[in-house]
Structures are given as C-alpha cells and as structure tokens.
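Presented below is the structure to which this report refers.
The values are calculated or read from the model by the stated rules, or taken from the named source; none is laboratory data. It should be emphasised that the depicted structure is a prediction, and the values quoted were computed from it without experimental measurement. What goes into the accessible areas is simple: the full protein's heavy atoms, side chains included, and nothing from ligands, DNA or RNA. Shrake-Rupley method; radii C 1.70, N 1.55, O 1.52, S 1.80 Å.
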Amino acid sequence: QLCREQQLIATRVSRRRNPTPEELQALDDYFAKHKGKATIPMRDIIRLAVLTNLRAAEICRLEWTHTTARSSLLSHGSNTYVRLNAAAWAIVNRQPRKVKRVFPYKAKSICAAFANACNVLRIANVSFDDLRQRRSPARGM
C-alpha cells in the first residue's frame, strides 16, 4: 500500500485481448509450417487451450494418472481433475504416453514459442493465456 501511495508501483491494468479467428488461423498455419523444427506440439497445445480454457501452466501439469482409453478425465495437480470434451480428448490421445505428464514441457517454453510466433506474424498484444478467452462450446480451429 505504501509503495502505491508513493507511486513506486502502479496498479495493474487489466488487459483482455481475444485473438481473432484469422489470427488463430495464422498461428495454426505458422506452427504447421514449422512443425519439423519444433519439439513442442504447439498446434495441439493451442487447440487444447481454446477448447478447455486452461492456461499454459495448467496444460503442462496434465497427467495420464487415472485415465483409461475411454476416460476423458485427466489429473491436473493434487486431487484436481479436468474432464475433456471429445475434441480435446482426441488432442490428448494423439500425445505419446512416454512420461507421467501429457505435455512434458515448461509453460515458459510454450509461452515463448507463442510470443515468438506472434512477433513473426505481427500479432500485437496477445499472450498465450489470452487463448482461454476464446472458449466457446461450438469453437473449433
């Protein structure tokens, strides 16, 4: 409080910028073109973020624990689970089951790859976690 009164820190400005469908398509095309160069399956991760409303860190914590071939329930931290719709479950099932986590990557790496693509494509003022704003039941990519 004292720091704010002395204007040493500012109040956070709320920013909500939904990427447009055209921007999402441009990002999808970008990552499709660069698929062979990257180890992170960014197209799947972006689609999952849009479908599930999960942040990058939450996607990186998804685990195969307590799943079966027909189950659409994934562990998401201690005693927390997320139920996936059919489209999201199809994305998850495409991932190799080599380790405990579905997406064994660092959230910072995902956000950095996303930010780099946005810079290359000149998409301004959009972060990875803004994708969670795009969620809608009929939404697809």
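How much accessible area does E63 have with a 1.4 Å probe, in Å² rounded to the nearest 10?
40
Leaving out ligands, DNA and RNA but keeping every protein chain, what accessible area does T20 have, in Å² rounded to the nearest 10, with a 1.4 Å probe?
Taking all protein chains as shown, T20 has close to 50 Å².
Leaving out ligands and nucleic acids, and using a 1.4 Å probe, what accessible area per residue does region 70-122 come to in Å²?
Working: 3430 Å² over 53 residues.
Per-residue value: 65 Å².
Using a 1.4 angstrom probe and counting only protein chains, how large is the accessible area of S72 in Å², to 10?
Near enough 30 Å² of accessible area.
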